[in-house]
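One structure is given here, and the rest of the page talks about it.
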Amino acid sequence: MSEQSRRPRRPAKPYRRPQKDPVRILAFEALRAVDERDAYANLVLPPLLRKAREKGDFDGRDAALATELVYGTLRRQGTYDAIVAECVDRPLREVDPPVLDVLSLGVHQLLGTRIPTHAAVSASVELARVVLGDGRAKFVNAVLRKVAQDDLDGWLAKVAPPYDEDPEDHLAVVHSHPRWVVSALWDSLGGNRAGIEELLAADNERPEVTLVARPGRATAEELLGEEAAVPGRWSPYAVRLTEGGEPGAIAAVQESRAGVQDEGSQLVALALAAAPIDGPDEKWLDGCAGPGGKAALLAALAAERGAVLLASEKQPHRAGLVEKALHGNPGPYQVIAADGTRPPWRPGTFDRVLMDVPCTGLGALRRRPEARWRRRPEDLDNFAPLQRALLRTAIDSVRVGGIVGYATCSPHLAETRAVVQDILKQRPETELVDARPLLPGVPALGEGPDVQLWPHLHGTDAMYLALIRRTG
């Protein structure tokens, strides 16, 4: 008998059940919903968190970590994909999407948080065991151990091409934006390198929650009584929650006397309401009113002057959201479901018209980071006819001497100035109004007469506004 055969065999390791981590399982479920159903994280995550709290699985710190894991992973997805691609032996397209989601969550913990390396790897491997099985958990473990060998700066030096060789691709990898988005935003900023780097970095920052106190129903002073609440930067009705918080737990929000609304969105409504017009000021229109934030602010401002707002939204379910936002408005208003390109109202009916048109949403990438990976350049061509048709409707709908606000949550020139310039060429009875004086105190508004807001300059979404007066 050989010496080897006389050695006692080691007993097999007993099977250990994977440890379920509610925080990371929830983050994984949110990422799968974004990937599989084209859902938006800001719509998927709140009900998941609410359900976890009701089950007793979560406290406030757990909810904060889950939120950071989901949004941080989505914001840096492009960067993390480039790093993972260096650590696997196959093209990323051949890695199952659920496996990539677990890997991305792990990479974010390693490179984008202060979670210790051993904890980030072990927690990710345990998650993989629960949601993928032991076999693929070994693959996750091997990849993450490779990633853990360097920090984020070290990896960027390896995977991002030098700026001098390919500036757009360099910025795309370093700041985790598709190359075509980098190019478009750079054009909108006039080719300024410092500006584009600041903007892309701002897109990857977690935005504060901003509330609006709807005039006649709530005041900013009331909202400032909430924990960690500070005044807005530019809007007199804005209040920022500097530590996040749960807006739905605030009484004024529950009662629709206040709402969650980015300050850029508030400024668009305020500028339209402040634009000087000659003659009556009694009938206002929001022609693309869903989901109702601007409509609620406009309706409240209209009520202070004895004016009436008609809020029109094509999609019935979104019209329902508008109705909910306006419920309790101190003055009369009306909400209808109607196609803005085939309006049921007569031409020349309104004194003020807001047309906040559907767009790519490239101005709200801080809040909807997954949109940067979902949008394609061809989407611009799909939106272009609708944007122009809605602006034509707006001009038809306003009376001579009245004012139209064309707004979009995108800084892309194809959705902003190109649309306005095209329609004004077709409509000689119109003229641009300088919008800058109507945003008092707001700096860096450019040469005008239109206005482009920016996350890195104003702390707002990248809202665009052009004011147009009908002269004949």
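The values are calculated or read from the model by the stated rules, or taken from the named source; none is laboratory data. All figures in this text were calculated on a predicted structure; none of them were measured in a lab. Cβ sites come from the backbone with ideal geometry, for glycine too, and all protein chains shown count toward neighbours. We work out accessible area using only protein heavy atoms, side chains counted, and drop any ligands, DNA or RNA first. Shrake-Rupley method; radii C 1.70, N 1.55, O 1.52, S 1.80 Å.
Observations on the structure shown:
- Global dimensions of the stretch 325-472 from alpha-carbon coordinates: Rg and Dmax equal 15.9, 44 Å.
- Per-residue ellipticity at 222 nm computed for the chain from its helices equals -14000 deg cm²/dmol, with DSSP H segments shorter than 4 residues left out and the rest contributing -39,500 (n - 2.57).
- Three-way shape label, the stretch 246-403, alpha-carbon gyration tensor, a/c 1.5: oblate
- Relative to the 2.2 N^0.38 Å rule of thumb, the stretch 49-96 has a C-alpha radius of gyration ratio of 1.61.
- Each principal axis of the Cα cloud of the stretch 385-428 was taken in turn, and the coordinate range along them, longest first, works out to 30, 20, 16 Å.
- With Cα atoms, 0 to 90° folded angle of helix 60-75 axis to the chain main axis: 80
- Model label points for Glu165 and Glu429, set 7 angstrom from Cα along the Cα-to-Cβ axis, are 5.9 nm apart.
- Per atom type, the stretch 171-260 shows carbon and sulfur on 47% of its accessible surface, probed at 1.4 Å.
- Base-10 log of normalised Debye intensity for the stretch 125-258 (one unit scatterer per alpha-carbon) at q = 0.15, 0.17 Å⁻¹: -0.89, -0.91
- Phi angles of the stretch 44-49 translate, via the Karplus equation with coefficients 6.51, -1.76, 1.60 and θ = phi - 60°, into HN-Hα couplings of 7, 5, x, x, 5, 5 Hz per residue; Gly and Pro are given as x.
- Principal axis analysis of the Cα atoms in the stretch 184-323 yields extents of 47, 38, 32 Å, listed in decreasing size.
- The share of accessible area on the stretch 264-410 that comes from carbon and sulfur is 53 percent, using a 1.4 angstrom probe.
- Normalised per residue, the accessible area of the stretch 191-239 is 46 Å², obtained with a 1.4 Å probe and no contribution from ligands, DNA or RNA.
- Karplus-derived 3J(HN,Hα) values for the stretch 412-419, using 6.51 cos²θ - 1.76 cosθ + 1.60 with θ = phi - 60°, are 5, 4, 5, 9, 10, 5, 4, 5 Hz; glycine and proline are entered as x.
- Since only Gly264, Cys288, Gly472 are under comparison, the one whose Cα sits farthest along the positive direction of the charge dipole of the chain, derived from C-beta charges on Lys, Arg, Asp and Glu, is Cys288.
- Residue-normalised accessible area of the stretch 280-321, given per residue in Å² at a 1.4 Å probe: 37
- Relative contact order of the stretch 408-472, taken over Cα pairs closer than 8 Å and 6 or more residues apart, is 39 percent.
- Counting 0.36 nm for each residue step from Arg93 to Thr349 and taking away their Cα separation leaves a gain of 86.8 nm.
- Subset of Lys51/Lys158; Lys20/Lys146; Lys283/Lys314; Lys20/Lys158; Lys51/Lys324; Lys20/Lys324 violating a 30 Å alpha-carbon distance limit: Lys51/Lys158; Lys20/Lys158; Lys20/Lys324
- Long-range tail of P(r) for the chain (Cα pairs > 31 Å, %): 49
- Theoretical FRET efficiency, 1/(1+(r/R0)^6), r = Cβ-Cβ of Arg305 and Gln421, R0 35 Å, to 0.05: 0.65
- Across the chain, the mean sequence separation of Cα contacts (distance under 8 Å, 6 or more residues apart), normalised by length, yields a relative contact order of 12 percent.
- Among 236-242, 443-449, 130-136, the order from most to least packed when residues are scored by Cβ within 10 Å on average: 236-242, 130-136, 443-449
- Average Cα contact separation per residue, the stretch 202-249, under 8 Å, 6 or more apart, as relative contact order %: 41
- Compared with the direct C-alpha span, the chain from Ala148 to Arg233 gains 26.6 nm at full extension, assuming 0.36 nm per residue.
- Calculated on C-alpha atoms, the gyration radius of the stretch 333-384 divided by its Kirkwood radius gives an Rg/Rh of 1.10.
- The convex hull built on the alpha-carbon positions of the stretch 89-151 has an orientation-averaged projected area of 4.0 nm².
- Pairwise label distance in nanometres, Ala119 with Asp21, each label 7 Å out on the Cα-Cβ vector: 1.0
- Rounded to the nearest 10 degrees, the inclination of helix 378-397 to the longest alpha-carbon principal axis of the chain is 20 degrees.
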